[in-house]
Amino acid sequence: MLRGRGVSFLNPGFLAGLLLLGPVIALYFLKTRPRTRPVPSNAIWRIVLSRVNPNSFLQRFHNSLFLLLQILSIVLAVLATARPIGSFWSSGQSSRIIILDVSASMQAVDVKPSRFSMAQKRAAELCRNFSGRVALYSIGHSLMPVVRYTDATEGVANAVMKLIPGHQATPGSDRVLRLLRDLEGLSPDEIFLLTDTPDLQIRRDFMPQTALTVETFGREGANVAIVGADLAFDESGKNVEVTLSVLSDNFVPVEISLSFQGEDGRLSRLQSLTLPYQGVHSVDLPAFAAKRGTIVLDAPPERNLSLADDRWYFSDPGLKPSVGIMAPSDSALLRLPKALPLISFTRIGAAFPADLPDAVLGLGSLPIEARKLPTCAFLPGQGSLQPGEILPWEADHPLLKFANWDAVPVKCMKPGTLPGTPLVESVEGSLLSEEVVTLDGRQISHVWVAMDPDHPSVQGNFFIPILLFNILEHLLRDKFPRLSYPVGNPGLAALWKGPAPTAAGLFEIPGGKGNIAAVNLEAPSEAHLTPASSRTPTSTQLAGHAGRAQENSPWKGVLSVGMVLLLAEWFLFMRRN
Amino acid sequence: MLFDIKFFKSLKLLSIITKRHFRGEKIGHRRSPNRGASAEFAEYKEYLPGDDLRFIDWNLYARLDRLYIKKFHNEEDLNVSILLDTSQSMSFGNPTKFDHARKIAAAIAYIALQHRDTARIYSFAQGLNPISEGGFRRGHIHRMMGFLEKTSAVGRSQSFEEVVSHFLLKNTRAGVVFLLTDALFGEDLFAGLKRLAHRKFETNFVHVLTPEELNPDLAGPVELVDSEDQSKVSLTVNKTVLTLYEEVLRETVDELRTFLIRKGMRYHQSLTNTQFESTLLKLFECSGGAA
């Protein structure tokens, strides 16, 4: 921020726009070709010429009303974009939005204790050190409000500390910027984005009315990772055909080799190649005979600082998972078996079966036995529960005290990591809570959604099947049959030799002699485990530290005057020609 | 048609009055410096042998006992020459300076012929060309106007002094000259005027200008093309330049006016946008004309 005696500029970088005056003046003199005018005689004009030189620069300049207007317009416009502020007109309350990245890679522990913990601490600090209005958002797949604008900064700081990272991937740079752009309607003075995504391409003129600060967490380095795999057995069912997506986060070509590691631990080289540029490369491997095993990537250590994301496990899927549905016979939930053939659905009545399914979906509250399984309960938002269709949960979950879910206090709601959580809002419901409870050493997910899938108002909603699929995939993420997993996926019980972690992040493999595995880092963007060094704030971002209110800033008036001048010039020009 | 009949009738009330008497060629209505046979007594002259005995004033002889003869004024015509500038620079303005000037020329000719003066109209640009033969009858005005209507301003100004020399060769008899021009001749103009004054011509200089010449409607960068020699002047016109132009023009006009007054000539500025009738009346008031 540039400070004068009475006036300062929030975006002093925009003052460089005054350099436009040079070309404008130059172009003006280039473009002003003389008009030919016949006159009776040049005699008098020659005398005039001998007395004064009307072609001198100053004389021409003096004559140029249009030019003067243009110069004035540019100066005013530049001043306006530089956003002058002064103590005599800066009086309102400023606003700040803090966006915390809850994507999976934030769990990385390359900085201690973890990227997320550091970001959390910083977010809380930003809340407590601010006297205006603060809002808190989380960014995973999308931007989610956690706390809307409030003056209670301490409350927001506490909400920050309750956030937990999920296993979602941070969207690409363009989408992040689009999401940020959506916040423009809130007219924030400052936005702080706390993330580990280093490749946000922010233009200098991005959201010029808002000071945007990006703070990144993590170490600088280089990395090569397997970020995706498309595997299929051939017709004989013996050989596996593999197409890998390999990410190189290096600016120089990197030579790598890909090998197959069988269950006996022996490595057999599959292919060697060079990744010529930074980005994701598609690699087709020759078919080889195996039912299960790990594909291992090998790259020079100086180009591959994170070894945890270099392995990809695949396995024959085996049995289908089973899901119990507790709903009336005409419920939309019973249409799921047709839509999801990879899952075995069973309708459960009032009595819970002895042969427990892997997960349960139900309308209303559920029997106590359901607590032993991953469950999702759809609770009607309004009205009473219907006898006979709603089964009693013989427990004291705090949510069950409420029939009107709009009255549920915020403290009961926990920001979820459910994939596609915005889908709940898109079908006019709300995610009441999502929690993981540990029972007999097993971690079990429970999801409560305030929505009735059978309600006439949501019938035919395009998002209902997608929502149901996402919920099931979330509940069955341990057992969902997949051919391949990145190393560290909870499905890799054989590799893990014990309960696998369910949350995304970097974990030490039990008995792995200090080897660390990446868990659920399923998106290419999340393989950027080693982001670049901290960004240097631009002038726009620096403006955010001014701690000012803009409501009474004169920049709009200055800009308006500039526009009026331009119109006046246009009017004069039209009249003259 | 340059004029309508009604206007012609109003011109009958005007006549050209000169400061001094000029010798004429024909019998006219103007008193000549020559003594002649009109009814108006001029002076007495002592009788000398050989004088006409018919003019001896016998009454005076009876009183003074000396012989005197009576002399009478002679009445002759006035030689009125109208020099009309037909250079291309006269074709500017709306109406053009040339249209304005030839109207004045026609009016002067008409007034002259009304009083049985001899009127000749000359056009001058590259040289001197008589537009019509000298007229001295009222009926000659139609012929003169016919010639005037056929004349156009397409010539290119050359030496005004040569024009005057040519004019003086053709007009050995002094008279009244009406010079209708925009005065764009440079120093040559003064030399020519000097020669007219030297030959005792009573010169009325009618400076025809357009309002655009007094207050040019120019702004910004312009390239001015001289209508006669096609020379170009490039300049950026602004308020300062326009002020200076007006100043130079005023100085030029003042210099011309001072010169003319010093030489006993008359200067009259006529703007093309003024009412023609009032211009004419002003001209005759200024040049000694009388209603």
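Some points to look at:
- For segment A:273-307, residues that are surrounded by 13 or more Cβ atoms within 10 Å (Cβ to Cβ) and more than 21 Å from A:Pro253 (Cα to Cα) total 8.
- Residues that are within 14 Å of chain A (Cβ to nearest Cβ), touching a residue at least 60 places away in the same chain (Cβ under 8 Å), in contact with a helix residue (DSSP H, G or I) (Cβ under 7 Å, 6 or more places away or on another chain) and within 18 Å of B:Asp99 (Cα to Cα) do not occur anywhere in segment B:277-285.
- Yes/no for B:Phe167 being buried (at least 21 other Cβ atoms within 10 Å of the Cβ), away from chain A (no Cβ under 13 Å) and either of a type in the set (Asp, Glu) or not in a loop (DSSP other than H, G, I, E, B) (or both): yes
- Under the condition of being outside any helix (DSSP H, G or I) and either under 14 Å from A:Met144 (Cα atoms) or in contact with a strand residue (DSSP E or B) (Cβ under 9 Å, 6 or more places away or on another chain) (or both), the residues counted in segment A:170-193 number 9.
- Strands (runs of 3 or more DSSP E) contained entirely in segment A:1-114, each with at least 1 residues that are within 14 Å of chain B (Cβ to nearest Cβ), surrounded by fewer than 16 Cβ atoms within 10 Å (Cβ to Cβ) and at pLDDT 80 or above: A:35-39
- Restricting segment A:317-342 to residues that are modelled with pLDDT of 85 or more, more than 33 Å from the chain's Cα centre (by Cα) and hydrophobic (A, V, I, L, M, F, W, C), the residue that is surrounded by the fewest Cβ atoms within 10 Å (Cβ to Cβ) is A:Leu334.
- Residues of segment B:227-245 classified as without any contact (Cβ under 8 Å) to a residue 24 or more places away in the chain and either closer than 14 Å to A:Arg37 by Cβ or in a strand (DSSP E or B) (or both), total: 9
- Options B:Glu223, B:Glu213; residue that is at the interface with another protein chain (Cβ under 8 Å from one of its Cβ atoms), within 23 Å of A:Arg46 (Cβ to Cβ), among the charged types (D, E, K, R) and part of a strand (DSSP E or B): B:Glu223
Conditions (1) among the acidic types (Asp, Glu); (2) away from chain A (no Cβ under 14 Å), marked per residue:
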site	(1), (2)
B:Lys232	no, no
B:Leu235	no, no
B:Leu244	no, no
B:Glu247	yes, no
B:Thr258	no, yes
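- Qualifying position, being within 14 Å of chain A (Cβ to nearest Cβ), hydroxyl-bearing (Ser, Thr, Tyr) and within 15 Å of B:Leu84 (Cβ to Cβ), among B:Ser123, B:Ser157: B:Ser157
- Residue among A:Gly279, A:Gly265 that alone is free of Cβ contacts under 8 Å to residues at least 12 places away in the same chain and of a type outside the set (Phe, Trp, Tyr): A:Gly265
Quick grid of which residues meet (1) buried (at least 17 other Cβ atoms within 10 Å of the Cβ); (2) in contact with a Ser or Thr (Cβ under 9 Å, 6 or more places away or on another chain):
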| site | (1), (2) |
| --- | --- |
| B:Ala101 | yes, yes |
| B:Ala107 | yes, no |
| B:Asn129 | no, yes |
| B:Ile141 | yes, no |
| B:Gly146 | no, yes |
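Results for (1) part of a helix (DSSP H, G or I); (2) within 14 Å of chain A (Cβ to nearest Cβ); (3) surrounded by fewer than 19 Cβ atoms within 10 Å (Cβ to Cβ); (4) at pLDDT 85 or above, shown as yes or no for each residue.
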{"position": "B:Arg54", "(1), (2), (3), (4)": "yes, no, yes, no"}
{"position": "B:Arg63", "(1), (2), (3), (4)": "yes, no, yes, yes"}
{"position": "B:Ile69", "(1), (2), (3), (4)": "no, no, yes, yes"}
{"position": "B:Met90", "(1), (2), (3), (4)": "yes, yes, no, yes"}
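- For A:Val252: the one exception among (1) surrounded by 14 or more Cβ atoms within 10 Å (Cβ to Cβ); (2) aliphatic (A, V, I, L, M); (3) within 32 Å of the chain's Cα centre (by Cα): (1)
- Residue in segment B:179-192 that is more than 14 Å from chain A (Cβ to nearest Cβ), surrounded by fewer than 22 Cβ atoms within 10 Å (Cβ to Cβ) and assigned to a loop (DSSP other than H, G, I, E, B) present: no
- Of residues in segment A:129-148 being of a type in the set (Gly, Ala, Ser) and part of a loop (DSSP other than H, G, I, E, B), the one surrounded by the most Cβ atoms within 10 Å (Cβ to Cβ): A:Gly140
- Among (1) surrounded by fewer than 16 Cβ atoms within 10 Å (Cβ to Cβ); (2) within 14 Å of another protein chain (Cβ to nearest Cβ), the one test that B:Lys200 misses: (2)
The values are calculated or read from the model by the stated rules, or taken from the named source; none is laboratory data. Keep in mind that this is a model prediction, so the values were computed, not measured. Using ideal geometry, Cβ is built from the backbone for each residue, glycine included, and neighbour counts are taken over all protein chains shown.
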